[in-house]
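Q: If you scroll down you'll find the structure; I have some questions about it.
The values are calculated or read from the model by the stated rules, or taken from the named source; none is laboratory data. Values in this document were obtained by computation on a predicted structure and should not be read as measured data. Backbone-built Cβ (ideal geometry, glycine too); neighbour counts: all protein chains shown. We work out accessible area using only protein heavy atoms, side chains counted, and drop any ligands, DNA or RNA first. Shrake-Rupley method; radii C 1.70, N 1.55, O 1.52, S 1.80 Å.
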Amino acid sequence: MRNTEDISGYHAHVYWTDDRERAEAAEIREELGKRFNVALGRWHDKPVGPHPRHSYQVAFSTEEFSKIVPWFMLNRRDLVIFIHPITDDAYTDHRDYPIWLGNKLELNLEVLPRKYTENQANEIPRSV
């Protein structure tokens, strides 16, 4: 079992596919910056890293989680928002611990580094 103290913060990724959705994402971004203590990442007008759509990242603290996530729920419009914790394992953060607001999308997890605990490493199939 992991402790919630393993979470140092969160990332939310706001996705869009066309100019209309990008305009909505811009409005959401502006409000986030006004209302909350967040770090707003760059705009990516193409898929970047594991993310399958255009996006920007919003970084926030564990203390802000209970304010930001409900706000996203009520204000995301039709946009897909992917939220994950930040621990010492980016691969697992994206694969096992996310919250999806809207339709779940397929991530390109192969670009993320993997970290295994000693027990997990012993369970990895090895070639003979």
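Yes/no per residue for (1) free of Cβ contacts under 8 Å to residues at least 24 places away in the same chain; (2) closer than 24 Å to Thr4 by Cβ:
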| position | (1), (2) |
| --- | --- |
| Glu21 | no, no |
| Pro50 | no, yes |
| Glu64 | no, yes |
| Pro70 | yes, yes |
| Pro85 | no, yes |
| Asp93 | yes, yes |
| Trp100 | yes, yes |
| Asn108 | no, no |
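Q: Would you confirm whether or not segment 2-17 contains a residue that is closer than 21 Å to Lys104 by Cα and surrounded by fewer than 17 Cβ atoms within 10 Å (Cβ to Cβ)?
A: The answer is yes; a qualifying residue exists.
Q: Can you name every residue in segment 9-48 that is more than 16 Å from Asn75 (Cα to Cα) and of a type in the set (D, E, K, R)?
A: Asp18, Asp19, Arg42, Asp45, Lys46
Q: Could you grab me the full set of residues in segment 18-31 that are touching a strand residue (DSSP E or B) at 6+ places or on another chain (Cβ under 7 Å) and open to solvent by 70 Å² or more (accessible area, probe 1.4 Å)?
A: Within segment 18-31, Arg22 is the sole residue that qualifies.
Q: Follow-up question, since we're still on this one. Read through the list (1) part of a loop (DSSP other than H, G, I, E, B); (2) farther than 21 Å from Thr92 by Cβ, then give the number of the only condition that Pro70 fails.
A: Condition (1) is where Pro70 drops out.
Q: Then there's this: Take the residues of segment 35-74 that are open to solvent by 70 Å² or more (accessible area, probe 1.4 Å) and of a type in the set (A, V, I, L, M): which is farthest from Gly9 (Cα to Cα)?
A: Leu74
Q: While we're looking at this one, here's another question. Filtering segment 92-105 down to residues that are of a type in the set (D, E, K, R) and more than 16 Å from Gly9 (Cβ to Cβ), which residue is most open to solvent (accessible area, probe 1.4 Å)?
A: Across segment 92-105, the extreme among qualifying residues is Lys104.
Q: Any residue at all in segment 106-125 that is touching a strand residue (DSSP E or B) at 6+ places or on another chain (Cβ under 8 Å), open to solvent by 60 Å² or more (accessible area, probe 1.4 Å) and modelled with pLDDT of 95 or more?
A: no
Q: Quick one: how many residues across segment 75-91 are of a type outside the set (S, T, N, Q) and open to solvent by less than 40 Å² (accessible area, probe 1.4 Å)?
A: Number satisfying all stated conditions: 10.
Q: Going residue by residue through segment 15-29, is there one that turns out to be modelled with pLDDT of 95 or more and in contact with a Gly (Cβ under 6 Å, 6 or more places away or on another chain)?
A: For segment 15-29, residues modelled with pLDDT of 95 or more and in contact with a Gly (Cβ under 6 Å, 6 or more places away or on another chain): absent.
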